[in-house]
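Report on the structure given below.
The values are calculated or read from the model by the stated rules, or taken from the named source; none is laboratory data. Predicted, not measured: the structure shown is a model, and the values here were computed from it. Note that each Cβ is placed from the backbone with ideal geometry, even for glycine, and that neighbours are counted across all protein chains shown. Heavy atoms of the whole protein, side chains included, go into the accessibility calculation; ligands, DNA and RNA do not. Shrake-Rupley method; radii C 1.70, N 1.55, O 1.52, S 1.80 Å.
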Amino acid sequence: MVSIVGASGAGKSTLLQILGSLSRPDAGTVKIDGTDLFSLSDKALAAFRNRKIGFVFQFHHLLPEFTAVENVMIPALIAKTPRAEAKQHAEELLTLLGLGERFSHKPSELSGGEQQRVAIARALVNQPKVLFADEPSGNLDSKTKGELHRLFFELRDRFGITIVIVTHDKELAAMSDRVVEIRDGQIL
């Protein structure tokens, strides 16, 4: 678990977008699981991102017309996982995250914390090597935020996944295995 901290505008989210292959760096390389991301074609990079990288954002980016289970299934279906297998894995993840009774609920029928857990399940459905989270608890109340922070550590331990979180939350950063501080675009 790595937390990236720094003042607003320091470059935390930009770094996260580069690490997650959503933005290209001006120089250097980014390697995940031995693969130089930016040496890949756009199509190969998209496929790699779908299989090896999970993303969780402050705003959940759930599709409002789909149920919780359907939202979680989408990356698996894009990866050409058979529909029944994708649904089963989505249901298992949602159950693990305490949403076993909410499969058929649409995002508007879920609380903010429930929506964030659906987004986390979606990020995990393809069993990525690394999960990138950009202020994942930024718009949650303190109780839900604490539960989400503990959940990230449980997921790290359960799935053996690397989690990189951009956060302003000092408590979460203090709990992390490593803290990277950024100031004016530079890692301190």
After finding the eigenvalues of the alpha carbon gyration tensor for the range 83-188, what semi-axes result from the square roots of 5 times each, listed largest first in whole Å? 26, 16, 12
In Å², what does the accessible area per residue of the chain work out to with a 1.4 Å probe? 53 Å²
Charge dipole of the range 61-167 about the Cα centre (unit charges at C-beta), most positive-ward option of Pro136, Pro82, Phe152: Pro82
Quick one: net charge of Thr167's neighbours, Cβ under 12 Å, K/R +1, D/E -1? -2
What residues qualify as long-range amide H neighbours of Asp134, i.e. H under 5 Å apart, gap of 5 or more or another chain, H built at 1.01 Å from N? Val56, Phe57, Gln58, Val166
Over the chain: helical MRE at 222 nm, DSSP H runs n ≥ 4 each giving -39500 (n - 2.57), nearest 500: -13000 deg cm²/dmol
Measure off, as a whole percent, the carbon and sulfur share of the 1.4 Å-probe accessible area of the chain, all protein chains present. 50 percent
In bins 5 Å wide, starting from 0, what share of all Cα pairs of the range 76-117 does each bin hold, as a percent? 5, 23, 27, 21, 18, 6, 0
List the residues whose amide H sits under 5 Å from the amide H of Glu181, counting only those 5 or more places along or on another chain, with H placed 1.01 Å from N in the peptide plane. Val5, Leu188
Here the percent of antiparallel bridges among DSSP beta bridges lying wholly in the chain, to the nearest 5, is 20 percent
Can you list residues whose amide H is under 5 Å from Leu63's amide H, if they're 5+ apart or on another chain and H is modeled 1.01 Å from N? none
More than 20 Å apart - percent of Cα-Cα pairs taken over the chain: 54 percent
Can you list the lysines whose alpha carbon is less than 26 Å from that of Lys106, not counting same-chain residues fewer than 8 positions off? Lys80, Lys87, Lys143, Lys145
If you stretched the chain out fully between Arg178 and Asp157, how much longer would it get, using 0.36 nm times the residue separation minus the C-alpha to C-alpha distance? 6.0 nm
